[in-house]
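The values are calculated or read from the model by the stated rules, or taken from the named source; none is laboratory data. Note that the structure is a prediction, hence the values are computed from the model and not measured. As a convention, Cβ positions derive from the backbone with ideal geometry for all residues, glycine included, and neighbour counts pool all protein chains shown. Surface areas here come from the heavy atoms of the whole protein model, side chains and all, with no ligands, DNA or RNA. Shrake-Rupley method; radii C 1.70, N 1.55, O 1.52, S 1.80 Å.
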Amino acid sequence: MIATLTRIFGIKRLDQVEDAVQDAMARALRLWPYQGAPDNPTAWLIQVAKNRVLDQLRRDSRLTETTDEVEIPIGGEADATFAGEIRDDQLRMIFTCCHPLIPEDGQIALTLKTVGGFSVSEIARAFLAREPSVTKTITRAKQRLREFDIKLEMPAPDKLPARLESALKIIYLMFNEGYSALEGEELVRTDLCHEAIRLCELLAGHPVTGAPKVHALGALLLFQGARLAARCDAAGELLLLSEQDRSLWDRAMIGRGLRHLRKSAGGDEISEYHLEAEIAVCHALAQSFENTDWPRVLDCYEELLNRKPSPVVALNRIVAIAKVDGVEAGLAELNKLSENRTLRNYYPFYAARGELLREAGNKSEAIDSYQKALGLTSSEPVRRFLMKRITDCGGKGVESGE
Amino acid sequence: MCQIKIYGRRPVTEGKHMPQYILLLREAPSDFSNYSPEETQQIIGEYVAWRSKIQAEGKYVGSNKLKDEGGRHVSMRNGKARVVDGPYAEAKEVMGGYFVINAADYDEAVETSKGCPHLKYKGWIEVREIEPVPAG
(Lines give C-alpha, C1' and ligand atoms only; values in the text may rest on other atoms or scores of the structure.)
Protein backbone atom coordinates (compact mmCIF):
# COMPACT_ATOMS: atom_id res chain seq x y z
CA MET A 1 0.00 0.00 0.00
CA ILE A 2 2.69 2.40 1.02
CA ALA A 3 4.53 1.50 -2.15
CA THR A 4 1.50 2.19 -4.33
CA LEU A 5 0.70 5.49 -2.67
CA THR A 6 4.29 6.60 -2.70
CA ARG A 7 4.34 6.03 -6.43
CA ILE A 8 1.31 8.30 -6.74
CA PHE A 9 2.43 11.04 -4.42
CA GLY A 10 6.19 10.76 -4.75
CA ILE A 11 8.83 9.52 -2.38
CA LYS A 12 9.08 12.99 -0.84
CA ARG A 13 5.69 12.44 0.75
CA LEU A 14 6.65 9.09 2.23
CA ASP A 15 5.98 10.28 5.79
CA GLN A 16 2.59 11.66 4.86
CA VAL A 17 1.71 8.47 3.04
CA GLU A 18 2.72 6.39 6.03
CA ASP A 19 0.51 8.46 8.30
CA ALA A 20 -2.39 8.21 5.89
CA VAL A 21 -2.08 4.44 5.68
CA GLN A 22 -2.01 4.30 9.44
CA ASP A 23 -5.18 6.43 9.54
CA ALA A 24 -6.89 4.25 6.96
CA MET A 25 -6.09 1.16 9.00
CA ALA A 26 -7.48 2.82 12.10
CA ARG A 27 -10.64 3.69 10.21
CA ALA A 28 -10.97 0.12 8.99
CA LEU A 29 -10.56 -1.01 12.56
CA ARG A 30 -13.52 1.17 13.58
CA LEU A 31 -15.80 0.34 10.66
CA TRP A 32 -15.24 -3.23 9.59
CA PRO A 33 -16.34 -4.86 12.82
CA TYR A 34 -19.82 -3.47 12.11
CA GLN A 35 -19.94 -3.36 8.33
CA GLY A 36 -17.78 -6.36 7.53
CA ALA A 37 -14.66 -6.16 5.40
CA PRO A 38 -15.12 -4.92 1.82
CA ASP A 39 -14.55 -7.32 -1.08
CA ASN A 40 -11.20 -5.80 -1.87
CA PRO A 41 -9.81 -4.58 1.45
CA THR A 42 -6.53 -3.39 -0.02
CA ALA A 43 -8.26 -1.27 -2.63
CA TRP A 44 -10.50 0.19 0.06
CA LEU A 45 -7.58 1.05 2.29
CA ILE A 46 -5.63 2.59 -0.57
CA GLN A 47 -8.63 4.69 -1.58
CA VAL A 48 -9.19 5.96 1.95
CA ALA A 49 -5.49 6.67 2.48
CA LYS A 50 -5.29 8.36 -0.90
CA ASN A 51 -8.22 10.61 -0.08
CA ARG A 52 -6.60 11.45 3.22
CA VAL A 53 -3.37 12.56 1.54
CA LEU A 54 -5.32 14.49 -1.10
CA ASP A 55 -7.29 16.28 1.61
CA GLN A 56 -4.08 17.25 3.28
CA LEU A 57 -2.54 18.43 0.06
CA ARG A 58 -5.62 20.51 -0.71
CA ARG A 59 -5.52 21.94 2.76
CA ASP A 60 -1.90 22.83 2.23
CA SER A 61 -3.26 24.48 -0.92
CA ARG A 62 -0.19 23.46 -2.78
CA LEU A 63 -2.19 21.20 -4.99
CA THR A 64 -3.82 22.64 -8.03
CA GLU A 65 -3.87 20.68 -11.22
CA THR A 66 -2.01 17.59 -10.10
CA THR A 67 -5.18 16.05 -8.70
CA ASP A 68 -6.04 14.63 -12.08
CA GLU A 69 -2.89 12.62 -12.34
CA VAL A 70 -3.49 10.66 -9.24
CA GLU A 71 -6.46 8.60 -10.28
CA ILE A 72 -5.83 4.93 -9.83
CA PRO A 73 -8.15 2.23 -11.04
CA ILE A 74 -9.97 0.59 -8.21
CA GLY A 75 -12.85 -1.77 -8.57
CA GLY A 76 -13.97 -5.24 -9.46
CA GLU A 77 -12.88 -5.71 -13.06
CA ALA A 78 -9.59 -3.93 -12.54
CA ASP A 79 -8.49 -6.33 -9.83
CA ALA A 80 -6.02 -8.24 -11.97
CA THR A 81 -4.22 -5.14 -13.18
CA PHE A 82 -4.51 -3.73 -9.73
CA ALA A 83 -2.71 -6.72 -8.23
CA GLY A 84 -0.07 -6.40 -10.94
CA GLU A 85 0.35 -2.73 -10.18
CA ILE A 86 0.74 -3.35 -6.51
CA ARG A 87 3.43 -5.89 -7.28
CA ASP A 88 5.27 -3.43 -9.51
CA ASP A 89 4.95 -0.71 -6.89
CA GLN A 90 6.49 -2.99 -4.32
CA LEU A 91 9.37 -3.83 -6.63
CA ARG A 92 10.08 -0.14 -7.19
CA MET A 93 9.93 0.39 -3.48
CA ILE A 94 12.38 -2.46 -2.82
CA PHE A 95 14.86 -0.92 -5.23
CA THR A 96 14.40 2.49 -3.66
CA CYS A 97 14.81 1.21 -0.10
CA CYS A 98 17.80 -0.94 -1.08
CA HIS A 99 19.62 1.92 -2.74
CA PRO A 100 23.37 1.54 -2.22
CA LEU A 101 23.64 5.14 -1.01
CA ILE A 102 21.64 4.22 2.10
CA PRO A 103 23.54 2.46 4.90
CA GLU A 104 22.80 -1.25 5.04
CA ASP A 105 20.95 -1.28 8.35
CA GLY A 106 18.81 1.59 7.02
CA GLN A 107 18.06 -0.36 3.86
CA ILE A 108 16.78 -3.33 5.82
CA ALA A 109 14.72 -1.29 8.28
CA LEU A 110 13.21 0.89 5.59
CA THR A 111 12.31 -2.12 3.44
CA LEU A 112 10.65 -3.83 6.37
CA LYS A 113 8.70 -0.73 7.26
CA THR A 114 7.56 0.49 3.87
CA VAL A 115 7.32 -2.73 1.88
CA GLY A 116 6.72 -5.24 4.63
CA GLY A 117 4.45 -3.15 6.84
CA PHE A 118 6.43 -3.91 9.99
CA SER A 119 6.02 -1.44 12.83
CA VAL A 120 9.03 0.18 14.45
CA SER A 121 8.48 -1.86 17.57
CA GLU A 122 8.38 -5.10 15.58
CA ILE A 123 11.59 -4.21 13.78
CA ALA A 124 13.18 -3.37 17.12
CA ARG A 125 12.10 -6.70 18.58
CA ALA A 126 13.34 -8.60 15.58
CA PHE A 127 16.73 -6.93 15.70
CA LEU A 128 17.00 -6.92 19.50
CA ALA A 129 17.39 -3.17 19.22
CA ARG A 130 15.67 -0.38 21.08
CA GLU A 131 12.82 1.46 19.36
CA PRO A 132 14.45 4.91 19.38
CA SER A 133 17.51 3.56 17.62
CA VAL A 134 15.38 1.90 14.95
CA THR A 135 13.47 5.15 14.49
CA LYS A 136 16.78 6.96 14.11
CA THR A 137 18.01 4.44 11.55
CA ILE A 138 14.84 4.89 9.52
CA THR A 139 14.92 8.66 9.76
CA ARG A 140 18.51 8.68 8.56
CA ALA A 141 17.62 6.41 5.66
CA LYS A 142 14.79 8.74 4.66
CA GLN A 143 17.13 11.70 4.89
CA ARG A 144 19.40 9.95 2.45
CA LEU A 145 16.49 9.47 0.08
CA ARG A 146 15.91 13.20 0.14
CA GLU A 147 19.55 14.29 0.09
CA PHE A 148 20.43 12.23 -2.93
CA ASP A 149 17.03 12.76 -4.49
CA ILE A 150 16.57 9.03 -4.91
CA LYS A 151 13.57 8.44 -7.13
CA LEU A 152 10.91 5.82 -6.72
CA GLU A 153 11.52 3.95 -9.93
CA MET A 154 12.86 0.79 -11.43
CA PRO A 155 16.60 1.06 -12.05
CA ALA A 156 17.67 1.77 -15.62
CA PRO A 157 18.57 -1.40 -17.56
CA ASP A 158 22.32 -0.68 -17.37
CA LYS A 159 22.13 -0.20 -13.60
CA LEU A 160 19.80 -3.10 -12.97
CA PRO A 161 22.38 -5.86 -12.34
CA ALA A 162 24.18 -3.84 -9.66
CA ARG A 163 20.97 -2.66 -8.04
CA LEU A 164 19.54 -6.16 -8.10
CA GLU A 165 22.71 -7.34 -6.41
CA SER A 166 22.23 -4.94 -3.52
CA ALA A 167 18.53 -5.80 -3.20
CA LEU A 168 19.42 -9.50 -3.02
CA LYS A 169 22.04 -8.81 -0.40
CA ILE A 170 19.50 -6.98 1.76
CA ILE A 171 17.01 -9.83 1.39
CA TYR A 172 19.75 -12.30 2.30
CA LEU A 173 20.72 -10.27 5.38
CA MET A 174 17.08 -9.84 6.38
CA PHE A 175 16.58 -13.59 6.27
CA ASN A 176 19.74 -14.30 8.22
CA GLU A 177 18.78 -11.77 10.82
CA GLY A 178 15.60 -13.71 11.40
CA TYR A 179 17.16 -17.11 11.01
CA SER A 180 20.47 -17.10 12.76
CA ALA A 181 20.03 -15.02 15.88
CA LEU A 182 18.99 -17.31 18.65
CA GLU A 183 17.38 -14.92 21.03
CA GLY A 184 14.41 -12.68 20.81
CA GLU A 185 10.82 -13.35 20.01
CA GLU A 186 10.52 -16.41 17.85
CA LEU A 187 7.39 -15.20 16.11
CA VAL A 188 8.76 -11.88 14.94
CA ARG A 189 11.96 -13.50 13.79
CA THR A 190 10.04 -16.04 11.75
CA ASP A 191 8.08 -13.16 10.20
CA LEU A 192 11.36 -11.66 9.12
CA CYS A 193 12.33 -14.86 7.31
CA HIS A 194 8.96 -15.11 5.59
CA GLU A 195 9.09 -11.47 4.52
CA ALA A 196 12.54 -12.03 3.01
CA ILE A 197 11.17 -15.02 1.11
CA ARG A 198 8.16 -13.01 -0.07
CA LEU A 199 10.34 -10.18 -1.37
CA CYS A 200 12.67 -12.59 -3.10
CA GLU A 201 9.79 -14.40 -4.79
CA LEU A 202 8.36 -11.04 -5.82
CA LEU A 203 11.63 -10.25 -7.61
CA ALA A 204 11.85 -13.78 -8.98
CA GLY A 205 8.34 -13.63 -10.41
CA HIS A 206 8.89 -10.50 -12.47
CA PRO A 207 10.18 -10.84 -16.04
CA VAL A 208 12.70 -8.02 -15.67
CA THR A 209 14.08 -8.92 -12.26
CA GLY A 210 13.66 -12.68 -12.27
CA ALA A 211 17.32 -13.46 -13.04
CA PRO A 212 18.64 -16.99 -12.38
CA LYS A 213 20.54 -15.63 -9.37
CA VAL A 214 17.29 -14.39 -7.84
CA HIS A 215 15.81 -17.85 -8.19
CA ALA A 216 18.94 -19.28 -6.58
CA LEU A 217 18.50 -17.04 -3.56
CA GLY A 218 14.80 -17.91 -3.46
CA ALA A 219 15.64 -21.61 -3.45
CA LEU A 220 18.22 -21.12 -0.70
CA LEU A 221 15.83 -19.17 1.53
CA LEU A 222 13.00 -21.65 1.01
CA PHE A 223 15.18 -24.67 1.81
CA GLN A 224 16.44 -22.97 4.96
CA GLY A 225 13.01 -21.61 5.82
CA ALA A 226 11.56 -25.12 5.58
CA ARG A 227 13.60 -26.01 8.65
CA LEU A 228 12.36 -23.13 10.81
CA ALA A 229 9.97 -25.24 12.86
CA ALA A 230 12.55 -27.95 13.51
CA ARG A 231 15.35 -25.82 14.88
CA CYS A 232 14.37 -26.12 18.52
CA ASP A 233 13.15 -29.04 20.60
CA ALA A 234 9.98 -28.97 22.66
CA ALA A 235 11.78 -27.20 25.49
CA GLY A 236 12.97 -24.52 23.10
CA GLU A 237 16.54 -25.75 23.14
CA LEU A 238 18.67 -25.40 20.08
CA LEU A 239 19.00 -28.41 17.79
CA LEU A 240 21.80 -29.00 15.32
CA LEU A 241 21.00 -30.03 11.78
CA SER A 242 22.05 -33.58 12.71
CA GLU A 243 19.57 -33.67 15.58
CA GLN A 244 16.51 -32.16 13.91
CA ASP A 245 13.32 -34.12 13.36
CA ARG A 246 13.22 -34.04 9.57
CA SER A 247 9.53 -34.86 9.47
CA LEU A 248 8.94 -31.32 10.77
CA TRP A 249 10.51 -29.77 7.71
CA ASP A 250 8.01 -27.93 5.56
CA ARG A 251 7.62 -30.06 2.41
CA ALA A 252 5.64 -27.40 0.56
CA MET A 253 8.45 -24.88 1.01
CA ILE A 254 11.01 -27.41 -0.14
CA GLY A 255 8.86 -28.00 -3.23
CA ARG A 256 8.76 -24.29 -3.99
CA GLY A 257 12.50 -24.18 -3.43
CA LEU A 258 13.01 -26.93 -5.98
CA ARG A 259 11.03 -25.03 -8.58
CA HIS A 260 13.23 -21.98 -8.03
CA LEU A 261 16.33 -24.16 -8.13
CA ARG A 262 15.31 -25.44 -11.55
CA LYS A 263 14.83 -21.88 -12.83
CA SER A 264 18.15 -20.80 -11.31
CA ALA A 265 19.94 -23.03 -13.82
CA GLY A 266 18.96 -20.68 -16.65
CA GLY A 267 22.11 -18.59 -17.05
CA ASP A 268 25.84 -19.19 -17.31
CA GLU A 269 26.73 -17.46 -14.08
CA ILE A 270 27.10 -19.54 -10.93
CA SER A 271 26.66 -17.12 -8.08
CA GLU A 272 27.37 -17.67 -4.41
CA TYR A 273 23.64 -17.99 -3.97
CA HIS A 274 23.73 -20.90 -6.42
CA LEU A 275 26.40 -22.62 -4.37
CA GLU A 276 24.59 -22.05 -1.10
CA ALA A 277 21.31 -23.21 -2.61
CA GLU A 278 23.04 -26.34 -3.84
CA ILE A 279 24.27 -27.11 -0.33
CA ALA A 280 20.85 -26.38 1.10
CA VAL A 281 19.12 -28.70 -1.35
CA CYS A 282 21.50 -31.53 -0.40
CA HIS A 283 20.31 -31.16 3.18
CA ALA A 284 16.68 -30.62 2.24
CA LEU A 285 16.50 -33.82 0.21
CA ALA A 286 18.62 -36.07 2.45
CA GLN A 287 16.82 -38.79 4.38
CA SER A 288 19.13 -38.26 7.33
CA PHE A 289 22.22 -36.33 8.31
CA GLU A 290 24.38 -39.36 7.55
CA ASN A 291 22.78 -39.96 4.15
CA THR A 292 23.45 -36.43 2.94
CA ASP A 293 25.36 -36.11 -0.30
CA TRP A 294 28.47 -34.93 1.56
CA PRO A 295 30.89 -35.02 -1.40
CA ARG A 296 28.62 -32.60 -3.27
CA VAL A 297 28.31 -30.42 -0.17
CA LEU A 298 32.09 -30.43 0.21
CA ASP A 299 32.60 -29.37 -3.42
CA CYS A 300 30.31 -26.41 -2.92
CA TYR A 301 32.05 -25.32 0.26
CA GLU A 302 35.45 -25.58 -1.46
CA GLU A 303 34.20 -23.34 -4.24
CA LEU A 304 32.60 -20.90 -1.79
CA LEU A 305 35.79 -20.71 0.22
CA ASN A 306 37.70 -19.85 -2.95
CA ARG A 307 35.33 -17.01 -3.67
CA LYS A 308 34.78 -15.45 -0.29
CA PRO A 309 36.80 -16.90 2.54
CA SER A 310 34.86 -16.65 5.76
CA PRO A 311 35.13 -18.44 9.10
CA VAL A 312 31.61 -19.85 8.75
CA VAL A 313 32.34 -21.34 5.35
CA ALA A 314 35.71 -22.65 6.55
CA LEU A 315 34.13 -24.44 9.49
CA ASN A 316 31.29 -25.86 7.45
CA ARG A 317 33.80 -27.17 4.94
CA ILE A 318 35.53 -29.03 7.75
CA VAL A 319 32.29 -30.62 8.89
CA ALA A 320 31.87 -31.85 5.31
CA ILE A 321 35.44 -33.12 5.19
CA ALA A 322 34.86 -35.07 8.40
CA LYS A 323 31.82 -36.65 6.77
CA VAL A 324 33.60 -37.49 3.50
CA ASP A 325 37.10 -38.43 4.69
CA GLY A 326 36.50 -39.24 8.34
CA VAL A 327 36.71 -37.43 11.66
CA GLU A 328 40.49 -37.59 11.81
CA ALA A 329 40.83 -35.84 8.46
CA GLY A 330 38.42 -33.21 9.69
CA LEU A 331 40.41 -32.65 12.85
CA ALA A 332 43.65 -32.39 10.89
CA GLU A 333 42.12 -29.66 8.70
CA LEU A 334 40.76 -27.92 11.74
CA ASN A 335 44.18 -27.83 13.36
CA LYS A 336 45.52 -26.10 10.25
CA LEU A 337 42.95 -23.40 10.83
CA SER A 338 43.85 -22.86 14.45
CA GLU A 339 46.68 -20.51 13.44
CA ASN A 340 44.11 -18.16 12.02
CA ARG A 341 43.78 -15.19 14.36
CA THR A 342 40.12 -14.40 13.82
CA LEU A 343 39.15 -17.96 14.53
CA ARG A 344 40.92 -17.97 17.87
CA ASN A 345 38.17 -15.87 19.41
CA TYR A 346 35.36 -17.41 17.47
CA TYR A 347 33.25 -19.73 19.62
CA PRO A 348 31.89 -21.85 16.73
CA PHE A 349 35.49 -22.89 16.02
CA TYR A 350 35.80 -24.51 19.45
CA ALA A 351 32.26 -25.82 19.36
CA ALA A 352 32.96 -27.54 16.03
CA ARG A 353 36.26 -28.85 17.37
CA GLY A 354 34.45 -30.22 20.41
CA GLU A 355 31.92 -31.95 18.17
CA LEU A 356 34.63 -33.63 16.10
CA LEU A 357 36.64 -34.69 19.16
CA ARG A 358 33.52 -36.07 20.78
CA GLU A 359 32.78 -38.07 17.65
CA ALA A 360 36.37 -39.33 17.63
CA GLY A 361 35.80 -40.54 21.19
CA ASN A 362 38.22 -38.08 22.74
CA LYS A 363 35.93 -36.89 25.48
CA SER A 364 38.38 -35.04 27.69
CA GLU A 365 39.73 -32.87 24.87
CA ALA A 366 36.20 -32.37 23.64
CA ILE A 367 35.29 -30.99 27.06
CA ASP A 368 38.26 -28.62 26.89
CA SER A 369 37.07 -27.31 23.55
CA TYR A 370 33.49 -26.85 24.72
CA GLN A 371 34.79 -24.99 27.76
CA LYS A 372 36.77 -22.66 25.54
CA ALA A 373 33.72 -22.04 23.40
CA LEU A 374 31.70 -21.36 26.52
CA GLY A 375 34.15 -18.66 27.53
CA LEU A 376 33.65 -16.89 24.20
CA THR A 377 29.89 -16.56 23.94
CA SER A 378 27.27 -14.83 25.99
CA SER A 379 24.31 -16.18 24.06
CA GLU A 380 22.20 -18.11 26.54
CA PRO A 381 20.80 -20.75 24.18
CA VAL A 382 24.31 -21.48 22.90
CA ARG A 383 25.68 -21.66 26.43
CA ARG A 384 22.97 -24.10 27.44
CA PHE A 385 23.77 -26.18 24.40
CA LEU A 386 27.49 -26.26 25.23
CA MET A 387 26.84 -27.09 28.89
CA LYS A 388 24.70 -29.99 27.84
CA ARG A 389 27.47 -31.28 25.60
CA ILE A 390 29.96 -31.01 28.45
CA THR A 391 27.73 -33.00 30.80
CA ASP A 392 27.11 -35.56 28.05
CA CYS A 393 30.86 -36.05 27.78
CA GLY A 394 31.04 -36.65 31.51
CA GLY A 395 32.34 -33.21 32.43
CA LYS A 396 30.87 -31.05 35.13
CA GLY A 397 28.54 -28.44 33.77
CA VAL A 398 29.28 -26.17 36.67
CA GLU A 399 30.19 -22.91 35.07
CA SER A 400 27.53 -20.38 35.74
CA GLY A 401 26.29 -18.05 33.07
CA GLU A 402 28.05 -14.74 33.53
CA MET B 1 -20.53 2.69 0.09
CA CYS B 2 -22.13 2.76 3.46
CA GLN B 3 -25.73 1.80 3.76
CA ILE B 4 -27.73 2.66 6.79
CA LYS B 5 -29.81 -0.25 7.88
CA ILE B 6 -32.94 0.66 9.69
CA TYR B 7 -34.45 -1.68 12.16
CA GLY B 8 -38.12 -0.90 12.22
CA ARG B 9 -40.72 -2.78 14.11
CA ARG B 10 -39.75 -6.31 14.71
CA PRO B 11 -42.21 -8.56 12.99
CA VAL B 12 -43.68 -11.13 15.28
CA THR B 13 -44.94 -14.28 13.66
CA GLU B 14 -47.57 -16.52 15.10
CA GLY B 15 -47.03 -16.26 18.77
CA LYS B 16 -43.74 -18.09 18.95
CA HIS B 17 -40.83 -15.82 18.26
CA MET B 18 -37.16 -15.49 18.88
CA PRO B 19 -36.46 -12.48 21.06
CA GLN B 20 -33.97 -9.94 19.78
CA TYR B 21 -31.32 -8.21 21.79
CA ILE B 22 -29.28 -5.13 21.12
CA LEU B 23 -25.63 -5.12 22.08
CA LEU B 24 -24.50 -1.56 22.67
CA LEU B 25 -20.76 -1.46 22.29
CA ARG B 26 -19.40 1.11 24.67
CA GLU B 27 -15.82 2.18 24.81
CA ALA B 28 -13.44 4.80 25.97
CA PRO B 29 -12.67 7.12 23.05
CA SER B 30 -9.03 6.37 22.53
CA ASP B 31 -6.44 6.58 19.85
CA PHE B 32 -6.89 3.58 17.61
CA SER B 33 -3.91 4.46 15.46
CA ASN B 34 -1.53 3.08 18.03
CA TYR B 35 -1.73 -0.39 16.60
CA SER B 36 0.76 -1.57 14.02
CA PRO B 37 -0.64 -2.63 10.64
CA GLU B 38 -0.24 -6.26 11.60
CA GLU B 39 -1.93 -5.81 14.94
CA THR B 40 -4.74 -3.91 13.25
CA GLN B 41 -5.19 -6.71 10.76
CA GLN B 42 -5.25 -9.23 13.55
CA ILE B 43 -7.88 -7.32 15.54
CA ILE B 44 -10.04 -6.79 12.46
CA GLY B 45 -9.68 -10.49 11.79
CA GLU B 46 -11.00 -11.28 15.26
CA TYR B 47 -14.08 -9.09 14.75
CA VAL B 48 -14.73 -10.51 11.31
CA ALA B 49 -14.42 -14.04 12.69
CA TRP B 50 -16.86 -13.28 15.50
CA ARG B 51 -19.34 -11.72 13.11
CA SER B 52 -19.15 -14.67 10.70
CA LYS B 53 -19.60 -17.04 13.60
CA ILE B 54 -22.81 -15.44 14.84
CA GLN B 55 -23.97 -15.10 11.26
CA ALA B 56 -23.43 -18.80 10.69
CA GLU B 57 -25.33 -19.55 13.87
CA GLY B 58 -28.24 -17.47 12.63
CA LYS B 59 -27.91 -15.03 15.50
CA TYR B 60 -26.79 -12.01 13.56
CA VAL B 61 -29.52 -9.57 12.61
CA GLY B 62 -27.62 -6.39 11.84
CA SER B 63 -25.10 -3.89 13.06
CA ASN B 64 -24.11 -0.29 12.59
CA LYS B 65 -21.17 1.84 13.46
CA LEU B 66 -21.97 5.24 14.88
CA LYS B 67 -19.77 8.05 13.60
CA ASP B 68 -16.98 8.89 15.95
CA GLU B 69 -17.11 12.57 15.07
CA GLY B 70 -19.98 14.90 15.81
CA GLY B 71 -23.00 14.03 17.94
CA ARG B 72 -25.47 16.28 19.75
CA HIS B 73 -27.11 16.18 23.12
CA VAL B 74 -30.60 17.54 22.87
CA SER B 75 -32.65 18.37 25.95
CA MET B 76 -35.46 20.62 27.02
CA ARG B 77 -34.86 23.40 29.44
CA ASN B 78 -37.45 25.91 30.46
CA GLY B 79 -39.56 24.93 27.50
CA LYS B 80 -36.70 25.51 25.07
CA ALA B 81 -34.67 22.93 23.27
CA ARG B 82 -31.09 22.99 24.37
CA VAL B 83 -28.55 21.50 22.00
CA VAL B 84 -25.07 20.71 23.11
CA ASP B 85 -22.30 19.22 20.99
CA GLY B 86 -21.14 15.91 22.24
CA PRO B 87 -20.14 13.38 23.26
CA TYR B 88 -16.68 14.79 22.96
CA ALA B 89 -13.60 12.75 22.41
CA GLU B 90 -12.73 13.68 25.97
CA ALA B 91 -15.80 11.91 27.30
CA LYS B 92 -15.00 8.95 29.47
CA GLU B 93 -17.18 6.71 27.45
CA VAL B 94 -18.99 6.69 24.13
CA MET B 95 -21.18 4.28 22.25
CA GLY B 96 -19.19 3.09 19.26
CA GLY B 97 -21.89 1.09 17.56
CA TYR B 98 -24.38 -1.68 18.04
CA PHE B 99 -25.29 -5.18 17.02
CA VAL B 100 -28.78 -6.67 16.96
CA ILE B 101 -28.88 -10.39 17.56
CA ASN B 102 -31.33 -13.23 17.99
CA ALA B 103 -31.13 -15.06 21.29
CA ALA B 104 -33.45 -17.36 23.21
CA ASP B 105 -32.97 -15.46 26.44
CA TYR B 106 -30.64 -13.10 28.27
CA ASP B 107 -28.25 -15.93 29.11
CA GLU B 108 -27.74 -16.71 25.45
CA ALA B 109 -27.47 -13.04 24.51
CA VAL B 110 -24.84 -12.53 27.20
CA GLU B 111 -23.02 -15.66 26.10
CA THR B 112 -22.92 -14.33 22.52
CA SER B 113 -21.64 -10.96 23.61
CA LYS B 114 -18.89 -12.59 25.64
CA GLY B 115 -17.32 -13.75 22.40
CA CYS B 116 -17.16 -10.21 21.02
CA PRO B 117 -13.56 -9.00 20.68
CA HIS B 118 -14.75 -5.60 21.85
CA LEU B 119 -14.35 -6.81 25.42
CA LYS B 120 -10.75 -7.76 24.79
CA TYR B 121 -9.97 -4.26 23.58
CA LYS B 122 -11.00 -2.17 26.53
CA GLY B 123 -14.70 -1.90 25.72
CA TRP B 124 -17.82 -3.06 27.53
CA ILE B 125 -21.16 -4.12 26.21
CA GLU B 126 -24.65 -3.23 27.34
CA VAL B 127 -27.08 -6.02 26.49
CA ARG B 128 -30.78 -5.10 26.26
CA GLU B 129 -33.75 -7.03 25.04
CA ILE B 130 -35.84 -5.35 22.38
CA GLU B 131 -39.56 -5.23 23.12
CA PRO B 132 -41.43 -7.11 20.43
CA VAL B 133 -44.22 -5.32 18.66
CA PRO B 134 -47.38 -7.41 18.57
CA ALA B 135 -48.44 -8.41 15.08
CA GLY B 136 -51.49 -6.89 13.51
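At a glance:
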| read-out | value |
| --- | --- |
| Residues (open to solvent by 20 Å² or more (accessible area, probe 1.4 Å) and either part of a helix (DSSP H, G or I) or in contact with a strand residue (DSSP E or B) (Cβ under 9 Å, 6 or more places away or on another chain) (or both)) located in the range A:3-17 | A:7, A:8, A:11, A:12, A:13, A:15, A:16 |
| The range A:1-39, subset free of Cβ contacts under 8 Å to residues at least 40 places away in the same chain and farther than 23 Å from residue B:66 by Cα, residue farthest from the other protein chains (Cβ to nearest Cβ) | A:17 |
| Residue that is farthest from residue A:351 (Cα to Cα) [pool: residues in the range A:229-240 that are open to solvent by less than 50 Å² (accessible area, probe 1.4 Å) and more than 19 Å from the chain's Cα centre (by Cα)] | A:236 |
| Subset of the range B:62-81 (residues that are open to solvent by 50 Å² or more (accessible area, probe 1.4 Å) and within 13 Å of another protein chain (Cβ to nearest Cβ)) | B:66, B:67, B:68, B:69 |
| Exclusive hit being in contact (Cβ under 8 Å) with a residue 40 or more places away in the chain and either closer than 18 Å to residue A:96 by Cβ or charged (D, E, K, R) (or both), set A:231, A:163 | A:163 |
| Wholly within the range A:285-356, helices (runs of 4 or more DSSP H) carrying at least 1 residues that are over 20 Å from residue A:220 (Cα atoms) and within 29 Å of the chain's Cα centre (by Cα) | A:311-325, A:341-344 |
| The range B:18-48: number of residues that are under 13 Å from residue B:115 (Cα atoms) and without any contact (Cβ under 8 Å) to a residue 60 or more places away in the chain | 1 |
| Total residues in the range A:29-48, condition crowded, with 17+ Cβ neighbours inside 10 Å and either closer than 22 Å to residue A:90 by Cα or among the acidic types (Asp, Glu) (or both) | 7 |
| Condition broken by residue A:251, with the remaining ones in (1) open to solvent by 40 Å² or more (accessible area, probe 1.4 Å); (2) closer than 11 Å to residue A:227 by Cα; (3) within 19 Å of the chain's Cα centre (by Cα) satisfied | (3) |
| Looking only at the range A:291-311, and only at residues there that are in contact (Cβ under 8 Å) with a residue 12 or more places away in the chain, closer than 27 Å to residue A:247 by Cα and out of contact with any His (no Cβ under 7 Å at 6 or more places or on another chain), the one that is most open to solvent (accessible area, probe 1.4 Å) | A:296 |
